[in-house]
Amino acid sequence: MDLPTLEPTDAEASTEHAETEARASVRARNSTRTGGSQAAPPASSDTLPLELTFPVMNYRELEVRMDVQEQVLWYFMKPQGAPSYTPALLAELSKLRGNIQKLFQRNPDAPPIRYLVNGSRLPHIFNLGGDLGLFADHIRRGDREGLRRYAYDCIDLVYTSSISFGLPILLISLVQGDALGGGFEAAMASDVIIAECSAKFGLPEILFNLFPGMGAYSFLSRRLDPIRAERMILGGRIYTAAELHEMGLVDVVAEDGEGEAAVREYVARNVRRHAIQRTLREVGRRVHPISYEELRDVTDLWVEAAMKLEDADLRRIDRLCGAQARRLAANPANGSAADPFASPSR
């Protein structure tokens, strides 16, 4: 499947401006060295530092940084609204993906990065999944196609992550807090999951009579088996990082506060094995493929199930939205790592 093409972004425009300024600076230095008698040839993007050819600014929902020496691109989610995959966050993740693909197009013979690391800047929260408020609004208004469009945006993220953006890179999810619902699904789409001890994982959609529709069954049935996948989905329980490590779903468990160091250690330890790791991932995709069509078909079933939710289920969603908002407002710097879905009454 061809990946979606993207329109130029503000971040890309910023990159072009930075490149123009850098070229002017190079010309000025060359002119000074030659006494101004000759015009130096313009600097191409190939001669510029990598930092100037990739936009790390102009994101509201993301913090992006480049580690040129280690060939690692880090991005951390910092959603301005709900701690979920809101339309605004999904749009910026799509822009980031497009910018990364363009970076490789400019450097086809020398891949500029080898690892892409995804984390969160929200204390004790990786991502709480789908935008519950948006769900409830679309369902109440009978807006089936609006809900479907949002769901397709989610599986665009999951699918392109599961194939490493079609690039020779490995994706690492750094989970330093709760990864629930779509947050758990997005983490499973990565090649590697590194989680801190206090991280929690779960699929709580069963609490409001829905199932996780953006990849959970596809990933779990392949990484585990269909029976355990159904048990996890229907059980709705919260798992620790240690439990998922024992099950083979989490690759590395780090001490709290040591997650980024664990990522760097993992990268350093696997420098010479990067190529074979990528090849094995390709083998896995060939033997146990997850197609975009499969994800879309499951998502269509999810939309139909969501549109049939009853008022009691929607009220439950409302209470969960309120619990999320109170969690952020009451203790934004020290969010509880406890089950965020345990407090509202059924």
Checklist entry - Can you name the helices (runs of 4 or more DSSP H) wholly within the range 108-214 that have at least 1 residues being at pLDDT 95 or above and under 23 Å from Glu293 (Cβ atoms)? => result 144-162, 182-188
Next on the checklist: Pull out all pairs, ordered by first then second residue, where Cβ-Cβ is under 7 Å, the residues are six or more apart or on different chains, the first lies in the range 192-210 and is under 15 Å from Met232 (Cβ atoms), and the second is aliphatic (A, V, I, L, M) and modelled with pLDDT under 95.
Outcome noted: Lys200/Ala337
Checklist outcome for this item: Of the residues in the range 72-94, those that are over 16 Å from Ala186 (Cα atoms) and of a type in the set (A, V, I, L, M) come to Val72, Leu73, Ala82, Ala88
Checklist entry - What number of residues in the range 84-107 are in a loop (DSSP other than H, G, I, E, B) and modelled with pLDDT of 95 or more? => result 2
Next on the checklist: Considering only residues that are among the aliphatic types (A, V, I, L, M) and crowded, with 22+ Cβ neighbours inside 10 Å, which ones fall in the range 177-204?
Outcome noted: Ala179, Leu180, Ala186, Ala187, Met188, Ala189, Ile193, Ile194, Ala195, Ala199, Leu203
Next on the checklist: I'm trying to understand the selection: among the residues of the range 108-126, which are free of Cβ contacts under 8 Å to residues at least 60 places away in the same chain, touching a helix residue (DSSP H, G or I) at 6+ places or on another chain (Cβ under 8 Å) and of a type outside the set (A, V, I, L, M)?
Outcome noted: Pro111
Checklist outcome for this item: Residue hits (the range 215-238; in a helix (DSSP H, G or I) and among the acidic types (Asp, Glu)) are Glu230
Next on the checklist: Checking the condition of a type in the set (Lys, Arg) and over 26 Å from Arg285 (Cα atoms), which residue from Arg106, Arg114 passes?
Outcome noted: Arg106
Next on the checklist: I'd like the full set of residues that are crowded, with 19+ Cβ neighbours inside 10 Å and among the basic types (Lys, Arg), limited to the range 64-110.
Outcome noted: Lys95, Arg97
Checklist entry - Any residue in the range 300-312 that is outside any helix (DSSP H, G or I), modelled with pLDDT of 95 or more and surrounded by 15 or more Cβ atoms within 10 Å (Cβ to Cβ)? => result yes
Item to check | Only one of Leu174, Leu207 that is crowded, with 24+ Cβ neighbours inside 10 Å and closer than 28 Å to Leu328 by Cβ | outcome: Leu174
Checklist outcome for this item: Only one of Leu244, Leu249, Leu220, Leu280 is closer than 19 Å to Val192 by Cβ and touching a Pro at 6+ places or on another chain (Cβ under 9 Å), namely Leu220
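The values are calculated or read from the model by the stated rules, or taken from the named source; none is laboratory data. Because the structure is predicted, anything quoted here is derived from the model rather than measured. Cβ atoms come from the backbone with ideal geometry, glycine included; neighbour counts cover every protein chain shown.
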